[in-house]
Amino acid sequence: MGTKFVEESAVKLVKYVNAMNNDLYQMLKKSAEADLAKAKLTLTLLDEKGVGVGEHSTKDFYNNAEEALSMMADAIDRIEALEMFRQDQENKHYPVFCTKPKNK
């Protein structure tokens, strides 16, 4: 096998792995963003439409608010962790004959 073939194969492999990693990253980020949106909506509804609690007790109202706040904090933590992970992955060393992929 020639050096050029090995270099081209390695570049293709790096591109494939990066694309796969990007798909996983996007899925995880969208999941966290959806949870963040749900939490914000829940807190907004509890704040603005508290009468919707109706027959539920104040304890239920507080529990729902606490759960929404926990979901929000968890989603924000996940998004921040994904960003840190992605930056770490971008700083990995690539083989000498490969170029570091550029951000999309």
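The values are calculated or read from the model by the stated rules, or taken from the named source; none is laboratory data. Keep in mind the model is a prediction, meaning the values are calculated, not measured. Cβ: placed from backbone, ideal geometry, glycine included. Neighbour counts: every protein chain shown.
What about S70, is it exposed (fewer than 15 other Cβ atoms within 10 Å of the Cβ), of a type outside the set (D, E, K, R) and modelled with pLDDT of 95 or more? Steps first, please.
Values: exposed (fewer than 15 other Cβ atoms within 10 Å of the Cβ): yes; of a type outside the set (D, E, K, R): yes; modelled with pLDDT of 95 or more: yes.
Against the criterion (exposed (fewer than 15 other Cβ atoms within 10 Å of the Cβ), of a type outside the set (D, E, K, R) and modelled with pLDDT of 95 or more), S70 qualifies.
Looking at (1) at pLDDT below 95; (2) in a helix (DSSP H, G or I); (3) under 18 Å from Y25 (Cα atoms), which one does K104 not meet, given that it meets all the others?
(2)
With respect to the numbered conditions (1) at pLDDT 90 or above; (2) surrounded by fewer than 11 Cβ atoms within 10 Å (Cβ to Cβ), which one is the sole condition not fulfilled by G54?
(1)
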